[in-house]
Amino acid sequence: MDGADTAWVLVSSALVLAMIVPGLALFYGGLVRSKNVLGTIMHSLVILCLVSLLWVLAGYSLAFGPDTGGMIGGLDWVGLEGVGTAPHATYGPTIPHQAFMVFQLMFAAVTPALITGAFAERMKFGALMLFAGLWSLWVYAPIAHWLWGGGWLAGLGALDFAGGAVVHLSSGVSALVCALVLGTRHGYGTDYMAPHNLPMTLLGTGLLWFGWFGFNAGSALGANEVAVVAVVATHTAAVSGALMWLAVEWIHRGTPTVLGVASGAVAGLATVTPAAGYIGPFSALVIGLMAGGLSYAAIISKGKFGYDDSLDVVGIHGVGGVVGLLAVGFFASKAVNSSGADGLFFGSAGLLGAQALTVAAVGLFSAGMTFVILKVVDRTVGLRVTAEEESMGLDLSQHNERAYS
(Lines give C-alpha, C1' and ligand atoms only; values in the text may rest on other atoms or scores of the structure.)
Protein backbone atom coordinates (compact mmCIF):
# COMPACT_ATOMS: atom_id res chain seq x y z
CA MET A 1 0.00 0.00 0.00
CA ASP A 2 1.26 3.46 -0.94
CA GLY A 3 0.48 6.30 1.46
CA ALA A 4 0.54 9.05 -1.18
CA ASP A 5 -1.76 7.13 -3.51
CA THR A 6 -4.17 6.42 -0.67
CA ALA A 7 -4.20 10.06 0.41
CA TRP A 8 -4.88 11.24 -3.13
CA VAL A 9 -7.80 8.86 -3.65
CA LEU A 10 -9.34 9.84 -0.30
CA VAL A 11 -8.94 13.55 -1.09
CA SER A 12 -10.40 12.93 -4.55
CA SER A 13 -13.39 11.23 -2.94
CA ALA A 14 -13.97 14.36 -0.86
CA LEU A 15 -13.61 16.54 -3.98
CA VAL A 16 -16.29 14.54 -5.79
CA LEU A 17 -18.51 14.82 -2.71
CA ALA A 18 -18.12 18.60 -2.95
CA MET A 19 -19.30 18.37 -6.56
CA ILE A 20 -22.61 16.92 -5.39
CA VAL A 21 -23.19 18.89 -2.20
CA PRO A 22 -22.83 21.80 -2.39
CA GLY A 23 -21.61 22.04 -6.03
CA LEU A 24 -24.40 20.52 -8.12
CA ALA A 25 -27.01 21.46 -5.52
CA LEU A 26 -26.15 25.16 -5.85
CA PHE A 27 -25.65 24.99 -9.63
CA TYR A 28 -29.11 23.54 -10.16
CA GLY A 29 -30.68 25.47 -7.29
CA GLY A 30 -29.81 28.83 -8.81
CA LEU A 31 -31.24 27.88 -12.20
CA VAL A 32 -34.81 27.18 -11.06
CA ARG A 33 -37.47 29.63 -9.96
CA SER A 34 -37.35 30.79 -6.35
CA LYS A 35 -40.37 28.70 -5.36
CA ASN A 36 -38.46 25.51 -6.26
CA VAL A 37 -34.93 26.18 -5.02
CA LEU A 38 -35.10 24.14 -1.78
CA GLY A 39 -36.75 21.20 -3.51
CA THR A 40 -34.08 21.23 -6.20
CA ILE A 41 -31.22 21.37 -3.69
CA MET A 42 -32.92 18.59 -1.74
CA HIS A 43 -32.69 16.32 -4.79
CA SER A 44 -28.88 16.30 -4.70
CA LEU A 45 -28.74 15.94 -0.93
CA VAL A 46 -31.19 13.07 -0.58
CA ILE A 47 -29.76 11.18 -3.59
CA LEU A 48 -26.31 11.37 -2.02
CA CYS A 49 -27.68 9.80 1.16
CA LEU A 50 -29.88 7.19 -0.51
CA VAL A 51 -27.40 6.00 -3.14
CA SER A 52 -24.57 5.86 -0.58
CA LEU A 53 -26.62 3.44 1.52
CA LEU A 54 -27.58 1.33 -1.48
CA TRP A 55 -23.95 1.28 -2.66
CA VAL A 56 -22.78 -0.17 0.64
CA LEU A 57 -25.60 -2.72 0.75
CA ALA A 58 -25.57 -3.99 -2.83
CA GLY A 59 -24.56 -1.44 -5.47
CA TYR A 60 -20.81 -1.86 -5.14
CA SER A 61 -21.07 -5.62 -5.39
CA LEU A 62 -23.27 -5.40 -8.50
CA ALA A 63 -20.90 -2.94 -10.18
CA PHE A 64 -17.49 -4.28 -9.15
CA GLY A 65 -18.08 -7.73 -7.68
CA PRO A 66 -16.79 -10.87 -9.41
CA ASP A 67 -18.01 -10.88 -13.00
CA THR A 68 -21.13 -12.78 -14.07
CA GLY A 69 -21.20 -13.27 -17.82
CA GLY A 70 -19.71 -9.86 -18.55
CA MET A 71 -23.01 -8.19 -17.65
CA ILE A 72 -23.12 -7.66 -13.87
CA GLY A 73 -21.12 -8.26 -10.72
CA GLY A 74 -22.01 -11.04 -8.35
CA LEU A 75 -23.40 -10.74 -4.83
CA ASP A 76 -20.16 -11.78 -3.15
CA TRP A 77 -19.59 -8.31 -1.69
CA VAL A 78 -23.10 -7.49 -0.48
CA GLY A 79 -22.86 -5.33 2.62
CA LEU A 80 -19.16 -4.89 1.76
CA GLU A 81 -18.46 -8.45 2.89
CA GLY A 82 -14.86 -9.11 1.89
CA VAL A 83 -14.17 -5.46 1.01
CA GLY A 84 -11.49 -4.57 3.52
CA THR A 85 -8.40 -2.42 3.86
CA ALA A 86 -6.08 -4.68 1.91
CA PRO A 87 -5.47 -3.54 -1.69
CA HIS A 88 -7.29 -5.27 -4.54
CA ALA A 89 -5.08 -6.39 -7.41
CA THR A 90 -7.41 -4.90 -10.05
CA TYR A 91 -9.08 -2.01 -8.25
CA GLY A 92 -6.03 -0.09 -7.10
CA PRO A 93 -3.10 -2.30 -6.10
CA THR A 94 -1.54 0.51 -4.02
CA ILE A 95 -4.63 1.65 -2.10
CA PRO A 96 -7.03 -0.04 0.35
CA HIS A 97 -9.98 -1.71 -1.32
CA GLN A 98 -12.36 0.39 0.77
CA ALA A 99 -10.69 3.57 -0.54
CA PHE A 100 -11.54 2.50 -4.08
CA MET A 101 -15.07 1.62 -2.98
CA VAL A 102 -15.77 5.01 -1.42
CA PHE A 103 -14.29 6.84 -4.43
CA GLN A 104 -16.63 4.93 -6.71
CA LEU A 105 -19.52 5.58 -4.32
CA MET A 106 -19.27 9.29 -5.12
CA PHE A 107 -19.59 8.59 -8.85
CA ALA A 108 -22.62 6.42 -8.20
CA ALA A 109 -24.23 9.26 -6.24
CA VAL A 110 -23.52 12.14 -8.62
CA THR A 111 -24.90 10.38 -11.70
CA PRO A 112 -28.61 10.15 -10.77
CA ALA A 113 -28.31 13.61 -9.21
CA LEU A 114 -27.38 14.96 -12.65
CA ILE A 115 -30.60 13.54 -14.14
CA THR A 116 -32.77 15.58 -11.78
CA GLY A 117 -32.07 18.72 -13.78
CA ALA A 118 -34.22 17.37 -16.61
CA PHE A 119 -37.40 17.13 -14.55
CA ALA A 120 -36.76 19.98 -12.12
CA GLU A 121 -39.87 21.76 -10.82
CA ARG A 122 -42.38 18.97 -11.53
CA MET A 123 -41.61 15.53 -10.01
CA LYS A 124 -43.02 14.30 -6.71
CA PHE A 125 -40.41 13.93 -3.98
CA GLY A 126 -41.44 10.33 -3.25
CA ALA A 127 -41.19 9.53 -6.95
CA LEU A 128 -37.72 11.09 -7.02
CA MET A 129 -36.49 8.84 -4.22
CA LEU A 130 -37.92 5.66 -5.75
CA PHE A 131 -36.60 6.57 -9.20
CA ALA A 132 -33.09 7.34 -7.93
CA GLY A 133 -32.86 4.11 -5.94
CA LEU A 134 -34.03 1.89 -8.78
CA TRP A 135 -31.93 3.71 -11.36
CA SER A 136 -28.74 3.36 -9.33
CA LEU A 137 -29.20 -0.42 -9.11
CA TRP A 138 -30.81 -1.19 -12.46
CA VAL A 139 -28.93 1.23 -14.73
CA TYR A 140 -25.80 2.64 -13.11
CA ALA A 141 -24.45 -0.58 -11.59
CA PRO A 142 -24.61 -2.66 -14.81
CA ILE A 143 -23.04 0.08 -16.94
CA ALA A 144 -20.27 0.61 -14.40
CA HIS A 145 -19.60 -3.11 -14.49
CA TRP A 146 -19.50 -3.21 -18.30
CA LEU A 147 -16.69 -0.65 -18.42
CA TRP A 148 -14.94 -0.61 -15.04
CA GLY A 149 -15.80 -3.93 -13.40
CA GLY A 150 -14.42 -6.31 -16.01
CA GLY A 151 -17.57 -6.44 -18.12
CA TRP A 152 -18.09 -7.01 -21.82
CA LEU A 153 -17.33 -3.49 -23.09
CA ALA A 154 -14.02 -3.43 -21.25
CA GLY A 155 -13.28 -6.81 -22.80
CA LEU A 156 -13.78 -5.30 -26.26
CA GLY A 157 -11.21 -2.60 -25.50
CA ALA A 158 -13.53 0.35 -24.84
CA LEU A 159 -12.02 3.17 -22.76
CA ASP A 160 -13.82 5.45 -20.32
CA PHE A 161 -11.29 7.08 -18.04
CA ALA A 162 -13.59 8.81 -15.57
CA GLY A 163 -17.20 8.40 -16.67
CA GLY A 164 -18.09 9.64 -20.15
CA ALA A 165 -20.38 6.63 -20.61
CA VAL A 166 -20.88 5.51 -17.01
CA VAL A 167 -21.79 8.99 -15.76
CA HIS A 168 -22.51 11.54 -18.50
CA LEU A 169 -23.97 9.53 -21.38
CA SER A 170 -26.13 7.40 -19.08
CA SER A 171 -27.46 10.44 -17.22
CA GLY A 172 -27.93 12.52 -20.38
CA VAL A 173 -29.93 9.86 -22.23
CA SER A 174 -31.95 9.07 -19.11
CA ALA A 175 -32.64 12.77 -18.68
CA LEU A 176 -34.10 12.94 -22.18
CA VAL A 177 -36.42 10.02 -21.45
CA CYS A 178 -37.50 11.63 -18.18
CA ALA A 179 -38.26 14.94 -19.91
CA LEU A 180 -40.33 13.20 -22.58
CA VAL A 181 -42.26 10.97 -20.17
CA LEU A 182 -43.07 13.68 -17.62
CA GLY A 183 -43.92 16.28 -20.23
CA THR A 184 -43.37 20.01 -20.11
CA ARG A 185 -43.82 22.28 -17.12
CA HIS A 186 -47.08 24.21 -17.01
CA GLY A 187 -46.49 27.48 -18.82
CA TYR A 188 -43.40 26.19 -20.63
CA GLY A 189 -42.71 28.47 -23.58
CA THR A 190 -44.99 31.24 -22.33
CA ASP A 191 -44.27 31.89 -18.63
CA TYR A 192 -41.13 33.60 -17.35
CA MET A 193 -38.85 30.77 -16.18
CA ALA A 194 -35.45 32.46 -15.97
CA PRO A 195 -32.94 31.43 -13.27
CA HIS A 196 -33.76 33.08 -9.97
CA ASN A 197 -30.20 33.38 -8.63
CA LEU A 198 -27.27 33.31 -11.07
CA PRO A 199 -24.65 34.08 -8.38
CA MET A 200 -25.72 30.82 -6.68
CA THR A 201 -25.26 28.99 -9.98
CA LEU A 202 -21.81 30.52 -10.47
CA LEU A 203 -20.79 29.44 -6.98
CA GLY A 204 -21.95 25.95 -7.88
CA THR A 205 -19.95 26.13 -11.12
CA GLY A 206 -16.79 26.94 -9.20
CA LEU A 207 -17.33 24.05 -6.81
CA LEU A 208 -18.03 21.67 -9.70
CA TRP A 209 -14.84 22.80 -11.43
CA PHE A 210 -12.86 22.42 -8.22
CA GLY A 211 -14.28 18.97 -7.54
CA TRP A 212 -13.77 17.82 -11.11
CA PHE A 213 -10.02 17.61 -10.52
CA GLY A 214 -10.77 14.81 -8.06
CA PHE A 215 -13.38 13.34 -10.41
CA ASN A 216 -10.93 13.02 -13.32
CA ALA A 217 -7.46 12.96 -11.78
CA GLY A 218 -8.61 10.76 -8.92
CA SER A 219 -9.47 8.13 -11.52
CA ALA A 220 -5.72 7.59 -11.95
CA LEU A 221 -6.03 5.91 -8.51
CA GLY A 222 -2.71 7.31 -7.41
CA ALA A 223 -0.50 10.38 -7.10
CA ASN A 224 1.23 9.73 -10.40
CA GLU A 225 1.90 11.00 -13.93
CA VAL A 226 -1.54 10.02 -15.21
CA ALA A 227 -3.17 12.13 -12.51
CA VAL A 228 -1.12 15.11 -13.67
CA VAL A 229 -2.14 14.49 -17.29
CA ALA A 230 -5.79 14.37 -16.21
CA VAL A 231 -5.57 17.63 -14.24
CA VAL A 232 -4.04 19.48 -17.19
CA ALA A 233 -6.59 18.04 -19.64
CA THR A 234 -9.49 18.81 -17.30
CA HIS A 235 -8.62 22.48 -16.84
CA THR A 236 -7.70 23.01 -20.48
CA ALA A 237 -11.00 21.60 -21.72
CA ALA A 238 -12.96 23.64 -19.17
CA VAL A 239 -11.49 26.99 -20.19
CA SER A 240 -11.67 26.28 -23.92
CA GLY A 241 -15.28 25.11 -23.55
CA ALA A 242 -16.18 28.29 -21.66
CA LEU A 243 -14.56 30.57 -24.23
CA MET A 244 -16.07 28.74 -27.20
CA TRP A 245 -19.56 29.00 -25.69
CA LEU A 246 -18.96 32.71 -25.03
CA ALA A 247 -17.85 33.30 -28.63
CA VAL A 248 -20.69 31.34 -30.25
CA GLU A 249 -23.32 32.92 -28.01
CA TRP A 250 -21.90 36.39 -28.61
CA ILE A 251 -22.13 35.88 -32.37
CA HIS A 252 -25.55 34.23 -32.22
CA ARG A 253 -27.32 36.41 -29.63
CA GLY A 254 -25.24 39.56 -29.77
CA THR A 255 -24.43 39.40 -26.05
CA PRO A 256 -22.09 37.17 -24.03
CA THR A 257 -23.73 35.91 -20.84
CA VAL A 258 -22.37 34.81 -17.49
CA LEU A 259 -24.58 31.72 -17.57
CA GLY A 260 -23.14 30.89 -21.00
CA VAL A 261 -19.57 30.94 -19.75
CA ALA A 262 -20.52 28.77 -16.78
CA SER A 263 -22.39 26.32 -19.02
CA GLY A 264 -19.48 26.15 -21.45
CA ALA A 265 -17.05 25.33 -18.66
CA VAL A 266 -19.26 22.52 -17.39
CA ALA A 267 -19.69 21.23 -20.95
CA GLY A 268 -15.91 21.16 -21.38
CA LEU A 269 -15.48 19.34 -18.08
CA ALA A 270 -18.11 16.74 -18.92
CA THR A 271 -16.84 16.13 -22.44
CA VAL A 272 -13.18 15.64 -21.54
CA THR A 273 -14.02 13.21 -18.72
CA PRO A 274 -13.72 9.91 -20.67
CA ALA A 275 -10.49 11.09 -22.31
CA ALA A 276 -8.76 12.97 -19.49
CA GLY A 277 -6.16 10.34 -18.65
CA TYR A 278 -5.38 9.37 -22.24
CA ILE A 279 -4.75 12.67 -24.05
CA GLY A 280 -2.30 15.56 -24.21
CA PRO A 281 -3.09 19.27 -23.62
CA PHE A 282 -3.71 20.20 -27.27
CA SER A 283 -6.20 17.36 -27.69
CA ALA A 284 -7.97 18.55 -24.53
CA LEU A 285 -8.17 22.05 -25.98
CA VAL A 286 -9.80 20.74 -29.16
CA ILE A 287 -12.26 18.62 -27.15
CA GLY A 288 -13.19 21.66 -25.07
CA LEU A 289 -13.83 23.74 -28.17
CA MET A 290 -16.08 21.02 -29.59
CA ALA A 291 -17.90 20.77 -26.28
CA GLY A 292 -18.67 24.48 -26.07
CA GLY A 293 -19.91 24.72 -29.64
CA LEU A 294 -21.88 21.48 -29.88
CA SER A 295 -23.53 21.74 -26.47
CA TYR A 296 -24.64 25.30 -27.25
CA ALA A 297 -26.09 24.14 -30.57
CA ALA A 298 -27.93 21.26 -28.87
CA ILE A 299 -29.50 23.54 -26.26
CA ILE A 300 -30.56 26.10 -28.86
CA SER A 301 -32.16 23.31 -30.90
CA LYS A 302 -34.19 21.69 -28.13
CA GLY A 303 -37.08 24.09 -28.68
CA LYS A 304 -37.57 22.62 -32.16
CA PHE A 305 -38.14 19.19 -30.65
CA GLY A 306 -40.54 20.37 -27.95
CA TYR A 307 -39.08 18.60 -24.90
CA ASP A 308 -38.62 20.44 -21.62
CA ASP A 309 -35.17 19.58 -20.28
CA SER A 310 -35.39 22.13 -17.47
CA LEU A 311 -31.68 22.58 -16.75
CA ASP A 312 -30.14 21.30 -20.01
CA VAL A 313 -28.84 17.95 -18.83
CA VAL A 314 -29.22 16.48 -22.33
CA GLY A 315 -27.38 19.28 -24.10
CA ILE A 316 -24.44 19.32 -21.70
CA HIS A 317 -24.05 15.81 -20.29
CA GLY A 318 -25.68 13.76 -23.01
CA VAL A 319 -23.95 15.54 -25.88
CA GLY A 320 -20.75 15.77 -23.85
CA GLY A 321 -20.78 12.04 -23.16
CA VAL A 322 -21.18 11.14 -26.84
CA VAL A 323 -18.60 13.63 -28.09
CA GLY A 324 -16.09 12.74 -25.36
CA LEU A 325 -16.35 9.00 -25.88
CA LEU A 326 -15.87 9.32 -29.63
CA ALA A 327 -13.04 11.79 -29.08
CA VAL A 328 -11.17 9.07 -27.17
CA GLY A 329 -11.27 7.03 -30.38
CA PHE A 330 -9.49 9.85 -32.18
CA PHE A 331 -7.18 11.46 -29.61
CA ALA A 332 -6.10 8.72 -27.17
CA SER A 333 -2.37 8.05 -27.19
CA LYS A 334 -0.29 5.34 -25.56
CA ALA A 335 2.55 7.86 -25.43
CA VAL A 336 0.46 9.73 -22.86
CA ASN A 337 -0.80 6.68 -20.99
CA SER A 338 0.73 3.30 -21.78
CA SER A 339 -2.22 1.47 -20.21
CA GLY A 340 -4.61 3.05 -22.71
CA ALA A 341 -4.65 2.67 -26.49
CA ASP A 342 -3.88 4.66 -29.64
CA GLY A 343 -6.76 6.41 -31.35
CA LEU A 344 -7.26 7.11 -35.05
CA PHE A 345 -4.99 10.15 -35.07
CA PHE A 346 -2.20 8.03 -33.59
CA GLY A 347 -2.38 5.18 -36.04
CA SER A 348 -5.17 2.85 -34.90
CA ALA A 349 -8.79 2.73 -36.04
CA GLY A 350 -9.93 -0.14 -33.80
CA LEU A 351 -10.49 1.96 -30.70
CA LEU A 352 -12.95 4.24 -32.48
CA GLY A 353 -15.17 1.25 -33.28
CA ALA A 354 -15.19 0.15 -29.64
CA GLN A 355 -16.08 3.68 -28.55
CA ALA A 356 -18.94 3.93 -31.05
CA LEU A 357 -20.30 0.59 -29.83
CA THR A 358 -20.12 1.89 -26.26
CA VAL A 359 -22.13 4.97 -27.18
CA ALA A 360 -24.82 2.83 -28.82
CA ALA A 361 -24.99 0.16 -26.11
CA VAL A 362 -25.00 2.51 -23.14
CA GLY A 363 -27.42 4.90 -24.81
CA LEU A 364 -29.97 2.23 -25.71
CA PHE A 365 -29.73 0.46 -22.35
CA SER A 366 -30.08 3.71 -20.40
CA ALA A 367 -33.08 4.81 -22.45
CA GLY A 368 -34.91 1.50 -22.22
CA MET A 369 -34.33 0.89 -18.54
CA THR A 370 -35.13 4.47 -17.57
CA PHE A 371 -38.47 4.20 -19.39
CA VAL A 372 -39.26 0.99 -17.51
CA ILE A 373 -38.33 2.54 -14.15
CA LEU A 374 -40.48 5.61 -14.82
CA LYS A 375 -43.47 3.40 -15.59
CA VAL A 376 -42.90 1.41 -12.39
CA VAL A 377 -42.70 4.61 -10.35
CA ASP A 378 -45.77 6.10 -12.02
CA ARG A 379 -47.85 2.99 -11.28
CA THR A 380 -46.76 2.88 -7.63
CA VAL A 381 -46.51 6.45 -6.31
CA GLY A 382 -47.15 8.63 -9.37
CA LEU A 383 -44.57 10.79 -11.12
CA ARG A 384 -45.82 14.37 -11.28
CA VAL A 385 -47.10 16.81 -8.74
CA THR A 386 -50.56 18.20 -9.43
CA ALA A 387 -51.02 21.42 -11.40
CA GLU A 388 -51.89 23.21 -8.15
CA GLU A 389 -48.76 21.90 -6.40
CA GLU A 390 -46.60 22.88 -9.35
CA SER A 391 -48.03 26.39 -9.33
CA MET A 392 -47.41 26.63 -5.58
CA GLY A 393 -43.84 25.40 -6.00
CA LEU A 394 -42.10 22.28 -4.78
CA ASP A 395 -40.65 23.99 -1.72
CA LEU A 396 -44.08 24.45 -0.16
CA SER A 397 -46.00 21.58 -1.74
CA GLN A 398 -43.35 18.88 -1.12
CA HIS A 399 -41.45 20.15 1.93
CA ASN A 400 -43.59 22.86 3.55
CA GLU A 401 -40.63 25.24 3.58
CA ARG A 402 -39.60 28.49 1.93
CA ALA A 403 -36.11 29.39 0.76
CA TYR A 404 -36.77 33.11 1.19
CA SER A 405 -39.12 34.57 3.77
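The values are calculated or read from the model by the stated rules, or taken from the named source; none is laboratory data. Note that this is a predicted model, so its numbers are computed, not measured. When we count neighbours, we look across all protein chains shown, and the Cβ atoms used for this are built from the backbone with ideal geometry, even at glycine. Note: areas computed on protein heavy atoms with side chains; ligands, DNA, RNA excluded. Shrake-Rupley method; radii C 1.70, N 1.55, O 1.52, S 1.80 Å.
Kindly establish whether G293 is buried (at least 21 other Cβ atoms within 10 Å of the Cβ) and in a helix (DSSP H, G or I).
no
Identify all residues within the stretch 231-253 that are in contact (Cβ under 8 Å) with a residue 40 or more places away in the chain and open to solvent by 50 Å² or more (accessible area, probe 1.4 Å); write none if there are none.
V232, V239, L243, M244, H252
Just wondering, is there one or more residues in the stretch 184-204 that are under 20 Å from A18 (Cα atoms) and open to solvent by less than 20 Å² (accessible area, probe 1.4 Å)?
yes
Does A175 qualify as being of a type outside the set (D, E) and assigned to a helix (DSSP H, G or I)?
The answer is yes for A175.
Before we move on, is G214 crowded, with 24+ Cβ neighbours inside 10 Å and farther than 19 Å from A7 by Cβ?
In short, no.
What is the residue count in the stretch 322-352 for residues that are open to solvent by 60 Å² or more (accessible area, probe 1.4 Å) and either closer than 17 Å to S219 by Cβ or in contact with a helix residue (DSSP H, G or I) (Cβ under 7 Å, 6 or more places away or on another chain) (or both)?
Number of matching residues: 5.
Could you look through the stretch 377-402, keep only residues that are closer than 21 Å to C178 by Cα, in a loop (DSSP other than H, G, I, E, B) and in contact (Cβ under 8 Å) with a residue 60 or more places away in the chain, and pick out the one that is most open to solvent (accessible area, probe 1.4 Å)?
Residue satisfying both the conditions and the ranking: V381.
Give me the residue from the stretch 76-115 that is among the hydroxyl-bearing types (S, T, Y) and surrounded by fewer than 22 Cβ atoms within 10 Å (Cβ to Cβ) and, out of that set, nearest to I316 (Cα to Cα).
Across the stretch 76-115, the extreme among qualifying residues is Y91.
Can you tell which of I41, I47 is surrounded by 15 or more Cβ atoms within 10 Å (Cβ to Cβ), assigned to a helix (DSSP H, G or I) and touching a Pro at 6+ places or on another chain (Cβ under 6 Å)?
Selected residue: I47, the only one of I41, I47 that is surrounded by 15 or more Cβ atoms within 10 Å (Cβ to Cβ), assigned to a helix (DSSP H, G or I) and touching a Pro at 6+ places or on another chain (Cβ under 6 Å).
Which condition breaks for A361 when tested against (1) surrounded by fewer than 20 Cβ atoms within 10 Å (Cβ to Cβ); (2) within 19 Å of A118 (Cβ to Cβ); (3) in contact (Cβ under 8 Å) with a residue 40 or more places away in the chain?
The failed condition is (2).
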